[in-house]
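Okay, so here's the structure we're looking at.
The values are calculated or read from the model by the stated rules, or taken from the named source; none is laboratory data. This is a predicted model, so every value here is computed, not measured. Neighbour counts run over all protein chains shown; Cβ positions are idealised from the backbone, glycine included.
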Amino acid sequence: MKRWERIPDSSKEAILEGVWCGKCRTGVLIVCAEGDLPATGAEIVADGRALGRLGSVQENKGLAIVRIDRVKDAIDADAAISADGVPVSLSIPSWVKFTFPQGAPTDDAP
């Protein structure tokens, strides 16, 4: 902690912005389904486009690492989102510091 206190405020800001920079493409979202979710590692897709993969799963809830911009596009298009054929919903956990991107269109980069 003493080392952190010696860092100039401008440098602290730069370090903390790197934690979630607004340009990051992937993040952890909460996954929910009406029935049991598939196993960890199942691909999450919307209209045939890969969004990410399931992480930890317990019954009908879990966490997923996904492309935030692609999830936003799928939600905006009202596309069906599924994991191995199981319909799912995705939401941003309350404890994270990011939101779905606004404005600029996304590209197809990984």
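Against the test of being surrounded by 10 or more Cβ atoms within 10 Å (Cβ to Cβ), part of a loop (DSSP other than H, G, I, E, B), at pLDDT 90 or above and charged (D, E, K, R), the options D73, D36 yield a single qualifying residue, D36.
Condition test on S91, is it among the hydroxyl-bearing types (S, T, Y) and closer than 18 Å to V28 by Cβ?
Working: among the hydroxyl-bearing types (S, T, Y): yes; closer than 18 Å to V28 by Cβ: yes.
Criteria met by S91.
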